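Below is one structure; the comments refer to it alone.
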Number of protein chains: 2
Amino acid sequence: METFFNPYISVDIVVFGFDDNEGLKVLLINRSRRDDPSLKRLKLPGNFINKKEKLHDSANRILKEFTGIKNIYLKQFAVFDDPGRLGDGDDLKWLRDRTGTEIERVVTIAYYSLVKLHQYSETELSKAYNARWFGMDEVPGLIFDHNQIIDEGLATLQKEFLTEPLCFELLPKKFTINQLQRISEAILGFSIDNRNFRKRINRLEYVVALNERQTGVSHKPARYYIFDREKFDILKREHTGFII
Amino acid sequence: METFFNPYISVDIVVFGFDDNEGLKVLLINRSRRDDPSLKRLKLPGNFINKKEKLHDSANRILKEFTGIKNIYLKQFAVFDDPGRLGDGDDLKWLRDRTGTEIERVVTIAYYSLVKLHQYSETELSKAYNARWFGMDEVPGLIFDHNQIIDEGLATLQKEFLTEPLCFELLPKKFTINQLQRISEAILGFSIDNRNFRKRINRLEYVVALNERQTGVSHKPARYYIFDREKFDILKREHTGFII
């Protein structure tokens, strides 16, 4: 008879928040809600799954429990399965203390989400949940492999951003090229030359200029654009979907 | 203190095999290698992970143990996590008997692979491993949710096939349009109109006609084509990658 080892399964959630002025941020919580300073190490919202719960339901439940955020689109993007990902230091001790179990290994299923930053009140997140947004370059050393989970989540987001019309979900229906550039820069993590960006966008048949400009702005009013999803889908099929 | 439920983790592998004449097949094994007819129910190659093993290493080890196949490209495509996926019938009883453990739940991580069918000898697979290839329409009812795993693996393969130049890895460097059509039909699971297919392919800038034809064939020798990966990458970036 073989011996079966039985690792634990958790889910962890990388919630990215975007705002025109503040760029891209990620939501982190303290590993304990209690006010013990030794427990102040930061982590992603995450926990073990329940016995009769699908992973997606676990992710939604856990996100709500730890941050109050609910009803957002969560996308499973990777399984973190390194047998040594818990390390053997203080983080593992904390986990064993908290669970009262001699946990040896946890496989975690990672989800990510992209939301509008200001849908969620900073004060409420912080007061009720001890959760807070961090700019991508402010993220400190987190427990376990959570920095790596964020890195891979961001890489997935960037990849989807470059091949799927993801950003248009975070923009108003009518947007300016400047807004599109700011979200692109925030997600990609570098600044893009203004004139090249404008040229590039003007060549895209599915970003359509309207005969309408901003009103009530102090600078020269910018033109509005909309995203034509139907055209995008047709072009995508034409040029890369190589059959049918 | 919360109670932590601890499901088991397994990997299951959907190996698709393609051949010009036989179309698309999938590799199945008996749930036991012993010759007890009551154990003859079919399943995907799969098993529990070991204590200190990454999932990808588990997938490679298990595939080799159960089929002898090694060193192939395995792609993780989904996690099957339905709490009721083991059912409560004969399959669960078999699993509990085999493991000597009152297993209640197994979360399985699914991988798929696409190989050339005739790289693997049918006789050896069958004699040494009790494994055999099944046409996609010959697959019987399998244990647990393994039919669903195959269905989702096939859907993933089809999706990748339509957006990535996957099929060229299964074709010789120089191929005919007919060969390209046969693999397309096999993977997509329906026949494609000859003339439309030819027109469609001739419009693709990255499938390049050579000034060279088949030799030693009894029918009218067909023209050879090659796949221009560089051109494909450029076009893909131009038309769907909307920035940079």
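Counting only helices (runs of 4 or more DSSP H) that fall entirely inside region B:119-237 and contain at least 2 residues that are within 10 Å of another protein chain (Cβ to nearest Cβ), within 24 Å of B:Tyr73 (Cα to Cα) and modelled with pLDDT of 90 or more, the qualifying elements are B:177-188.
Scanning region B:76-95 for residues that are outside any loop (DSSP other than H, G, I, E, B) and modelled with pLDDT under 95, we see that the one that is farthest from the other protein chains (Cβ to nearest Cβ) is B:Asp90.
Scanning region A:39-61 for residues that are part of a helix (DSSP H, G or I) and either modelled with pLDDT under 95 or among the basic types (Lys, Arg) (or both) turns up A:Leu39, A:Arg61. Of all residues in region A:135-158, those being under 13 Å from the mean Cα position of the chain (by Cα), within 13 Å of A:Thr108 (Cα to Cα) and of a type in the set (D, E, K, R) number 0. For the residues A:Ile187, A:Ile192, A:Ile150, the requirement of being out of contact with any helix residue (DSSP H, G or I) (no Cβ under 8 Å at 6 or more places or on another chain), surrounded by 11 or more Cβ atoms within 10 Å (Cβ to Cβ) and not hydroxyl-bearing (Ser, Thr, Tyr) singles out A:Ile150. Taken together, the residues in region A:96-137 that are free of Cβ contacts under 8 Å to residues at least 60 places away in the same chain and crowded, with 18+ Cβ neighbours inside 10 Å amount to 0. Sort out which residues of region B:1-32 are within 14 Å of another protein chain (Cβ to nearest Cβ) and at pLDDT below 90, and write them in order of number. Matches in region B:1-32: B:Met1, B:Glu2, B:Thr3, B:Phe4, B:Phe5, B:Asn6, B:Pro7, B:Ser32. Being in the same structural domain as A:Glu22 (by TED's automatic domain parsing), aliphatic (A, V, I, L, M) and under 17 Å from the mean Cα position of the chain (by Cα) is a property that holds for A:Ile72. Within region A:96-118, being part of a loop (DSSP other than H, G, I, E, B) and on the phi < 0 side of the Ramachandran plot holds for A:Thr101, A:Glu102, A:Ile103, A:Glu104, A:Arg105.
The values are calculated or read from the model by the stated rules, or taken from the named source; none is laboratory data. All values reported here derive from a predicted model rather than from experimental measurement. Here the Cβ is made from the backbone with ideal geometry for all residues, glycine too, and neighbour counts use every protein chain on show.
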